[in-house]
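The values are calculated or read from the model by the stated rules, or taken from the named source; none is laboratory data. What you see is a predicted model, and the numbers here were worked out from it, not measured in a lab. Cβ coordinates were reconstructed from backbone atoms using ideal geometry, including for glycine residues, and neighbour counts include every protein chain displayed. Surface areas here come from the heavy atoms of the whole protein model, side chains and all, with no ligands, DNA or RNA. Shrake-Rupley method; radii C 1.70, N 1.55, O 1.52, S 1.80 Å.
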Amino acid sequence: MPARTGRQFLQGLKGPREIWIGADKVEDITEHPAFAGAAHGLAGVFDLQHQFADDCLMADPETGEAINVSHMIPRSKEDILRRHKGLTRIAEYTVGIMGRSPDYMNVTYAGFAGRADEWGANGNEQGAENLVNYQKFLRRNDISLTHTIIQPTIDKAQGDAPKPGNDVALHKVGETEHGIVVRGARILATLAPFADELAVYPAAPLPPGADDYALAFCIPMSTPGLKFICRDSCAGSRNLHDHPLSSRFDEQDAFVIFDDVEVPWDRLHINCNLPVYNQVMTTGWYPNVMQQTMIRAQTKLEFAWGLGTRMCEAINGLQPPAMQMLGEIWTFSEFARACIQSAEANAHEFGNGVWFPQGAPLVALRATLPTWFPRVNEIIRLLGSHNLLAAPTEAQLADPNLRPLIDQFMRGAGAVTAQERARIFRLAWDFVGSALASRGEQYERFYLASGARNQQLAQLLAERTRADRLVDRFLNEGSETSKQKAKPVVETV
């Protein structure tokens, strides 16, 4: 099957799966009030790829079928730039609110398959072959894939990585004729209700002896024993005036329980191979997937700047303090854009003929976003003030008795009508003040790890050659070693 339409995507969600929200075991994701809006919102992503086929689609390198460009295994800088166009289209559709739209996992597995040589190390050749075959299945069937990679937190004093004997973290408990049996839990399966399949792959390294926890595989959401416990819904009604964002972009998050789940042999990518588990995420994964994540983040920042500006214009509020705060958001957006452009312009081969963006600018950006996004929300709240809480609903605007009064007393500056003003401020509130907005801020604080952890990673990965040379010039100046190396200086009059 080539690239799917939205209708085909929705039809795929109707299969059996065990997804819980509140007291409900959900029978139909596409109809349940907690999920229907986002299901149809995501269907728009699948339709989008056909609407903008020149940017979003490419030919499968083996079959020639149309597939999403996010499945591309980049072989050149031109491929990186080509992928940028398709990723930007998707980011603009969701204005960056959906951090786990399907292109995220598409890019991830394209990178994994491109560096199958790393996955095939230490005797894991079969696992690497399975992974390459799975990536072909993923792209040719236009699968919506989610993942769960973090171990649950039970006791922080015990550390983040599971040690032998941990009965909560996902681990192998046996084998059958058809595969292995796994038990335990993982978090946080964002997009779970809207996925066709679930991926498990490495996150933090595991300690010696934790071989049973060193697993990577992909299985259907309908696999017996898989259970998904969703957080409270942040979805508003499907009224686009009242809830323009939360009506369609609540991608959900789920705690995943593996209740003795059988993983078929051909779906296994790592089977208790600790050296491979601890190695495969340390080279090209980060700069590869961060092209997608940072395009999404930059789009969200630019949307925030545009929204804040429109909000101030509606009430003629572009005084110097407001201009300064809006300029702060614009600065964040442009710094993000510059980091992405730098990373793409300096893309290079990471081995096995595969090209990814340069990592350093994206690592720096990733470490900074957890402080930028909360500040953006604060700025829009400050600029919006009480106006964020005084925007009539569509039903109130439609009431024949209320409407004349709303038009008179709730209009904006100049020619801005009451309805236009209401839409602007309701959009702003849905972006910074609704349940979806609160979830989004929490998500951005810990997206691909916290800011503090990413700063530590930045220091660990940083290239020091030039910095050391600049410092050493002064530290070595005047020393006996530097005097011996220095050439004599001939003074002239």
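Considering only residues that are among the hydroxyl-bearing types (Ser, Thr, Tyr) and surrounded by fewer than 22 Cβ atoms within 10 Å (Cβ to Cβ), which ones fall in the stretch 17-75?
Step one: list which residues in the stretch 17-75 are among the hydroxyl-bearing types (Ser, Thr, Tyr), which gives 30, 63, 70.
If the condition is that a residue be among the hydroxyl-bearing types (Ser, Thr, Tyr) and surrounded by fewer than 22 Cβ atoms within 10 Å (Cβ to Cβ), then Thr30, Thr63 are the ones that fit.
Which of the residues that make up the stretch 275-295 are part of a loop (DSSP other than H, G, I, E, B), among the β-branched types (Val, Ile, Thr) and in contact with a helix residue (DSSP H, G or I) (Cβ under 7 Å, 6 or more places away or on another chain)? So that I can check it myself, show each step before the final result.
Initial filter on the stretch 275-295 (part of a loop (DSSP other than H, G, I, E, B)): 280-284.
With among the β-branched types (Val, Ile, Thr) added as a condition, the list becomes 280, 282-283.
Those that are part of a loop (DSSP other than H, G, I, E, B), among the β-branched types (Val, Ile, Thr) and in contact with a helix residue (DSSP H, G or I) (Cβ under 7 Å, 6 or more places away or on another chain): Val280, Thr283.
For Trp285, which of the numbered conditions (1) within 26 Å of Arg82 (Cβ to Cβ); (2) touching a strand residue (DSSP E or B) at 6+ places or on another chain (Cβ under 7 Å) fails to hold?
(2)
Which one is farthest from Glu262 (Cα to Cα) among residues in the stretch 125-178 that are open to solvent by less than 40 Å² (accessible area, probe 1.4 Å) and touching an Asp or Glu at 6+ places or on another chain (Cβ under 7 Å)?
Ranking the candidates gives Arg139 first.
Look at the stretch 186-215 and say how many of its residues are of a type in the set (A, V, I, L, M, F, W, C) and either in contact with a Cys (Cβ under 6 Å, 6 or more places away or on another chain) or closer than 30 Å to His40 by Cβ (or both). Give the steps one after another, and end with the answer.
So in the stretch 186-215, the residues of a type in the set (A, V, I, L, M, F, W, C) come out as 187-189, 191-192, 194-195, 198-200, 203-204, 206, 210, 214-215.
Now narrow it down to the ones that are either in contact with a Cys (Cβ under 6 Å, 6 or more places away or on another chain) or closer than 30 Å to His40 by Cβ (or both): 187-189, 191-192, 194-195, 198-200, 214.
Residues in the stretch 186-215 being of a type in the set (A, V, I, L, M, F, W, C) and either in contact with a Cys (Cβ under 6 Å, 6 or more places away or on another chain) or closer than 30 Å to His40 by Cβ (or both): 11 in total.
Does Asn239 meet the test of being farther than 30 Å from Asp24 by Cβ and either polar (S, T, N, Q) or open to solvent by less than 10 Å² (accessible area, probe 1.4 Å) (or both)? Before you say what the answer is, go through the steps one by one.
Values: farther than 30 Å from Asp24 by Cβ: no; either polar (S, T, N, Q) or open to solvent by less than 10 Å² (accessible area, probe 1.4 Å) (or both): yes.
For Asn239, the condition - farther than 30 Å from Asp24 by Cβ and either polar (S, T, N, Q) or open to solvent by less than 10 Å² (accessible area, probe 1.4 Å) (or both) - is not met.
Looking at this structure, is Ser101 of a type in the set (S, T, N, Q), open to solvent by less than 10 Å² (accessible area, probe 1.4 Å) and either in a loop (DSSP other than H, G, I, E, B) or touching a His at 6+ places or on another chain (Cβ under 8 Å) (or both)? Spell out how you get there, then give the answer.
Values: of a type in the set (S, T, N, Q): yes; open to solvent by less than 10 Å² (accessible area, probe 1.4 Å): yes; either in a loop (DSSP other than H, G, I, E, B) or touching a His at 6+ places or on another chain (Cβ under 8 Å) (or both): yes.
Yes, satisfied.
Assuming Tyr213 fulfils every condition listed in (1) open to solvent by 20 Å² or more (accessible area, probe 1.4 Å); (2) within 28 Å of Gly120 (Cα to Cα) apart from one, which condition is it?
For Tyr213, the exception is condition (1).
Would you pick out the residues in the stretch 346-363 that are under 18 Å from the mean Cα position of the chain (by Cα), touching a residue at least 40 places away in the same chain (Cβ under 8 Å) and over 15 Å from Met72 (Cβ atoms)? Spell out how you get there, then give the answer.
Quick first cut of the stretch 346-363, residues under 18 Å from the mean Cα position of the chain (by Cα) only: 356-357, 359, 361-363.
Then drop every residue that is not touching a residue at least 40 places away in the same chain (Cβ under 8 Å), which leaves 356-357, 359, 362-363.
Once the filter is applied, which keeps residues that are under 18 Å from the mean Cα position of the chain (by Cα), touching a residue at least 40 places away in the same chain (Cβ under 8 Å) and over 15 Å from Met72 (Cβ atoms), the stretch 346-363 yields Gly359, Leu362, Val363.
Output the number of the condition that Ala343 fails; it satisfies all remaining conditions of (1) open to solvent by 10 Å² or more (accessible area, probe 1.4 Å); (2) small (Gly, Ala, Ser); (3) closer than 27 Å to Tyr109 by Cβ.
Failing condition for Ala343: (1).
Every residue, every condition in (1) farther than 30 Å from Ile229 by Cβ; (2) out of contact with any helix residue (DSSP H, G or I) (no Cβ under 9 Å at 6 or more places or on another chain), yes or no:
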{"position": "Ile29", "(1), (2)": "no, no"}
{"position": "Leu42", "(1), (2)": "no, no"}
{"position": "Glu78", "(1), (2)": "yes, yes"}
{"position": "Lys85", "(1), (2)": "yes, no"}
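From the list Gly412, Gly478, exactly one residue is on the phi > 0 side of the Ramachandran plot and assigned to a loop (DSSP other than H, G, I, E, B). Which is it?
On the way: Gly412 fails: on the phi > 0 side of the Ramachandran plot.
It is Gly478.
Anything in the stretch 242-271 that is of a type outside the set (A, V, I, L, M, F, W, C), surrounded by fewer than 22 Cβ atoms within 10 Å (Cβ to Cβ) and assigned to a strand (DSSP E or B)? List them, or say none.
Of everything in the stretch 242-271, those that are of a type outside the set (A, V, I, L, M, F, W, C), surrounded by fewer than 22 Cβ atoms within 10 Å (Cβ to Cβ) and assigned to a strand (DSSP E or B) turn out to be Asp259, Asp260, Glu262, Pro264.
Kindly check whether there is at least one residue in the stretch 432-455 that is of a type outside the set (Gly, Ala, Ser), modelled with pLDDT of 95 or more, more than 23 Å from the chain's Cα centre (by Cα) and surrounded by 13 or more Cβ atoms within 10 Å (Cβ to Cβ).
no
Conditions (1) among the hydrophobic types (A, V, I, L, M, F, W, C); (2) over 20 Å from Val276 (Cα atoms), marked per residue:
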| residue | (1), (2) |
| --- | --- |
| Asp60 | no, yes |
| Glu65 | no, yes |
| Leu87 | yes, yes |
| Val95 | yes, yes |
| Tyr109 | no, no |
| Phe112 | yes, no |
| Ala116 | yes, no |
| Val132 | yes, no |
| Phe137 | yes, yes |
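Of all the residues that make up the stretch 182-205, how many are out of contact with any Leu (no Cβ under 9 Å at 6 or more places or on another chain), open to solvent by 30 Å² or more (accessible area, probe 1.4 Å) and either at pLDDT 95 or above or not in a loop (DSSP other than H, G, I, E, B) (or both)?
Going through the stretch 182-205 one residue at a time, the tally reaches 1.
Tell me which residues, restricted to the stretch 217-236, are free of Cβ contacts under 8 Å to residues at least 60 places away in the same chain, in a strand (DSSP E or B) and open to solvent by 50 Å² or more (accessible area, probe 1.4 Å).
Of everything in the stretch 217-236, nothing turns out to be free of Cβ contacts under 8 Å to residues at least 60 places away in the same chain, in a strand (DSSP E or B) and open to solvent by 50 Å² or more (accessible area, probe 1.4 Å).
Part of a loop (DSSP other than H, G, I, E, B), open to solvent by 70 Å² or more (accessible area, probe 1.4 Å) and closer than 22 Å to Asn316 by Cβ - does that describe any residue in the stretch 384-397? Steps first, answer last, please.
Narrowing the stretch 384-397 to residues part of a loop (DSSP other than H, G, I, E, B): 390-393.
If we keep only those that are open to solvent by 70 Å² or more (accessible area, probe 1.4 Å) too, we end up with none.
Checked the stretch 384-397: no residue is part of a loop (DSSP other than H, G, I, E, B), open to solvent by 70 Å² or more (accessible area, probe 1.4 Å) and closer than 22 Å to Asn316 by Cβ.
Pairs, please: C-beta under 6 Å, at least 6 apart or cross-chain, first residue on the phi < 0 side of the Ramachandran plot and at pLDDT 95 or above and in the stretch 115-135, second open to solvent by 30 Å² or more (accessible area, probe 1.4 Å) and not in a helix (DSSP H, G or I)?
What qualifies is Arg115/Asn352; Asp117/Asn352.
Name, by its number, the condition in (1) part of a loop (DSSP other than H, G, I, E, B); (2) more than 30 Å from His147 (Cβ to Cβ) that does not hold for Leu448.
(2)
Residue check: is Ala161 out of contact with any Pro (no Cβ under 9 Å at 6 or more places or on another chain), closer than 21 Å to Arg453 by Cβ and assigned to a loop (DSSP other than H, G, I, E, B)?
Working: out of contact with any Pro (no Cβ under 9 Å at 6 or more places or on another chain): no; closer than 21 Å to Arg453 by Cβ: yes; assigned to a loop (DSSP other than H, G, I, E, B): yes.
No: the conditions fail for Ala161.
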